[in-house]
Every structure is written in C-alpha cells, then in structure tokens.
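For reference, the structure is listed below as structure tokens.
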C-alpha cells in the first residue's frame with residue numbers, strides 16, 4: 001500500500017489511481033450507452049433494413065470486436081479509434097430504394113486508385129453475408 005501524505009490524506013499515487021478509475025468508469029458508461037443506442041436504432045428498423053443492420057452488427061461482433069458501436073447520423077455504425085469505419089444507412093431513413101453499408105476513409109478497403117466504398121442491399125442472401133464479412137475483415141486490417 002502506498003503511504004499516506006503527511007496530513008493523512010491520499011498519496012499522489014492513490015489520487016492518480018482514483019482519477020484513472022473514474023475516467024475508466026466514465027468511458028465504459030459512454031461505451032455502454034453507445035452500444036445501447038446502436039441496438040436501439042437497429043431495433044427501430046423494419047424488413048430488409050433491419051435484416052442487414054443485424055447482420056452487420058453480428059459480423060462486427062464476431063470478426064471485428066475491436067470496433068466500437070457508435071451511431072452515425074442516427075444510423076448504426078462502428079468506429080476504430082473514435083472514427084466511424086463502417087455504417088449502415090437504412091433505405092427508410094431517406095425513403096430510398098435500397099439501404100447501404102458504407103465504409104469511411106479509416107477502412108483499409110483500397111484496391112487500386114478507384115474502389116467502391118458502399119454496397120446497396122434490396123435483400124440479404126447468404127452470399128451477401130459472406131461478402132460483407134470479407135469486407136469488414138479487410139477494412140479492419
């Protein structure tokens with residue numbers, strides 16, 4: 001145990017440890033809140049939007065657990081070092097024909113000087129899940 005100060009208060013080391021623990025609790029609370037917000041946004045979706053968002057969530061949890069859930073313009077997203085790497089934009093959000101899974105510039109999906117950064121979904125097949133899984137894996141390398 002670290003010795004107390006001369007006045008009987010906490011030592012410099014104890015104060016530093018308490019500050020660090022408070023910071024951890026705050027960070028963990030924010031992470032839990034962000035994860036809950038993403039889960040809530042997914043639960044609000046219907047049909048194909050929900051199917052794709054749930055699949056993306058499952059893929060990230062299984063194959064890219066270092067990414068952190070984070071809403072992105074009110075949609076489910078997943079961040080690396082605080083920056084959104086991949087997100088789902090629901091068709092219902094903008095009344096479009098299809099929803100999209102998009103990747104931001106922190107994703108490692110470069111393939112030459114020109115490459116796609118978003119994929120549209122009108123349905124979700126097993127083959128689509130395999131492709132999306134491969135993309136998430138590549139993006140997080």
Top mean-square fluctuation among 38, 101, 117, Gaussian network model of the chain, C-alpha springs under 10 Å? 117
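Report the calculated FRET efficiency for residue 35 and residue 93 (r = Cβ-Cβ distance, R0 = 25 Å), to the nearest 0.05.
Values: r = 20 Å, r/R0 = 0.81.
Plugging the Cβ-Cβ distance into 1/(1 + (r/R0)^6) gives 0.80.
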How would you classify region 53-127 from its alpha-carbon gyration tensor, with a ≥ b ≥ c the square roots of the eigenvalues: rounded for a/c under 1.5, else prolate if a/b is greater than b/c, otherwise oblate? rounded
Would you mind pulling out the separation of the Cα centroids of region 122-136 and region 40-113, in Å? 13 Å
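Pulled fully out, how much extra length does the chain show between residue 22 and residue 129, if you take 0.36 nm times their separation in residues and subtract their Cα-Cα distance? Intermediate values should be presented prior to the final figure.
Numbers: separation 107, 0.36 × 107 = 38.52 nm, distance 3.98 nm.
Gain in length upon complete extension: 34.5 nm.
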For peptides 77-85, 39-47, sequence by mean Cβ density within 10 Å, most packed first: 77-85, 39-47
Cut-off 10 angstrom, C-alpha nodes, Gaussian network model of the chain. Which of 26, 12, 58 fluctuates the most? 12
GNM on the chain, C-alpha springs below 10 Å: top fluctuator among 105, 95, 128? 95
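Expressed as a rounded percentage, what relative contact order does the chain have, with Cα pairs under 8 Å and six or more residues apart? Numbers along the way, then the final one.
Details: 174 pairs, mean separation 25.9, N = 141.
Across the chain, relative contact order equals 18 percent.
Only the coordinates and a few stated rules stand behind these numbers; no lab work does. This one's a predicted model, so the numbers in the text were calculated from it and none came from an experiment. Cβ sites come from the backbone with ideal geometry, for glycine too, and all protein chains shown count toward neighbours.
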